[in-house]
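Here the structure comes first, spelled out in structure tokens, and everything after it is commentary.
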Amino acid sequence: MATRNTLHVEVVTAERELYNGEADIVDAPGSEGQLGILPEHAPLLALLGPGPLQIKLRGEENIFFVSGGFLEVSHDRVTVLADTAENAAEIDQARAEEARRRAQEHLEQTRSNSERAELQAALLRAINRLKVVELARRSGRVR
């Protein structure tokens, strides 16, 4: 239950719930730029892009990668309905780096516009997964 100074946050995908708890601030990757959500934020419905989702409470930080989805703010409650999401600790950095490399190589060789769009999206996901790992490492959450 959110207090006057916190938000209640839920992060869910079709497969699972990743977070259900309180936060002082939620920093999310909106499709048009970063969103910072504090207690008493105005109601909001936003489209998410791929990137880091950071949930902070009393100096502790939970960092997730979201591939896209929706964020809703209503009455000091933040609901993130993510297409896919991973906790930073779940991300295999070597695998993400390999996905980035593969997407970049294929992107340089493709001629098809539709394939180019798919590869650019895959490259963006891989880059943002690596960004989440680096954010978590800097915050001391992942080694």
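Screening ALA23 with (1) among the aliphatic types (A, V, I, L, M); (2) within 11 Å of VAL9 (Cβ to Cβ); (3) surrounded by fewer than 17 Cβ atoms within 10 Å (Cβ to Cβ) gives one miss only, at (3).
Taken together, the residues in the range 91-102 that are within 13 Å of the chain's Cα centre (by Cα) and in a helix (DSSP H, G or I) amount to 0.
Here's the yes/no breakdown for (1) more than 12 Å from the chain's Cα centre (by Cα); (2) at pLDDT below 95:
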site	(1), (2)
VAL12	no, no
ASN20	yes, no
SER31	no, yes
GLU60	yes, yes
GLU72	yes, no
HIS75	yes, yes
THR79	yes, no
ASN87	no, yes
GLN104	yes, yes
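Considering the range 54-83, and only residues there that are touching a Gly at 6+ places or on another chain (Cβ under 8 Å) and surrounded by fewer than 21 Cβ atoms within 10 Å (Cβ to Cβ), the residue that is nearest to GLU32 (Cα to Cα) turns out to be GLY68. Of the residues making up the range 105-143, those that are under 21 Å from THR84 (Cβ atoms) and in a loop (DSSP other than H, G, I, E, B) number 2. So, in the range 5-44, exactly how many residues are of a type in the set (A, V, I, L, M) and either without any contact (Cβ under 8 Å) to a residue 12 or more places away in the chain or in contact with a Ser or Thr (Cβ under 9 Å, 6 or more places away or on another chain) (or both)? Of the residues in that region, 6 qualify. Would you mind finding the one in LEU119, LEU123 that is of a type in the set (A, V, I, L, M, F, W, C) and touching a Ser or Thr at 6+ places or on another chain (Cβ under 7 Å)? Being of a type in the set (A, V, I, L, M, F, W, C) and touching a Ser or Thr at 6+ places or on another chain (Cβ under 7 Å) holds for just one of LEU119, LEU123, which is LEU119.
Restricting the range 106-134 to residues that are basic (Lys, Arg) and surrounded by fewer than 17 Cβ atoms within 10 Å (Cβ to Cβ) leaves a set whose member that is modelled with the lowest pLDDT is ARG111. Residues that are of a type in the set (A, V, I, L, M, F, W, C) and part of a strand (DSSP E or B) were ranked within the range 1-18; the one that is surrounded by the fewest Cβ atoms within 10 Å (Cβ to Cβ) is VAL12.
Residues in the range 19-71 that are under 16 Å from ASN87 (Cβ atoms), assigned to a loop (DSSP other than H, G, I, E, B) and among the small types (Gly, Ala, Ser): SER67 alone.
Just so you know, in the range 37-51 the residues that are out of contact with any strand residue (DSSP E or B) (no Cβ under 6 Å at 6 or more places or on another chain) and of a type outside the set (A, V, I, L, M) include one that is surrounded by the fewest Cβ atoms within 10 Å (Cβ to Cβ), and it is GLU40.
Conditions tested, residue by residue: (1) among the hydrophobic types (A, V, I, L, M, F, W, C); (2) more than 25 Å from GLY140 (Cβ to Cβ).
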{"site": "LEU7", "(1), (2)": "yes, no"}
{"site": "ASP24", "(1), (2)": "no, no"}
{"site": "LEU44", "(1), (2)": "yes, yes"}
{"site": "GLY51", "(1), (2)": "no, no"}
{"site": "PHE65", "(1), (2)": "yes, no"}
{"site": "LEU81", "(1), (2)": "yes, yes"}
{"site": "HIS106", "(1), (2)": "no, yes"}
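The values are calculated or read from the model by the stated rules, or taken from the named source; none is laboratory data. Note that this is a predicted model, so its numbers are computed, not measured. No Cβ is skipped: glycine too gets one built from the backbone with ideal geometry, and neighbour counts run over all protein chains shown.
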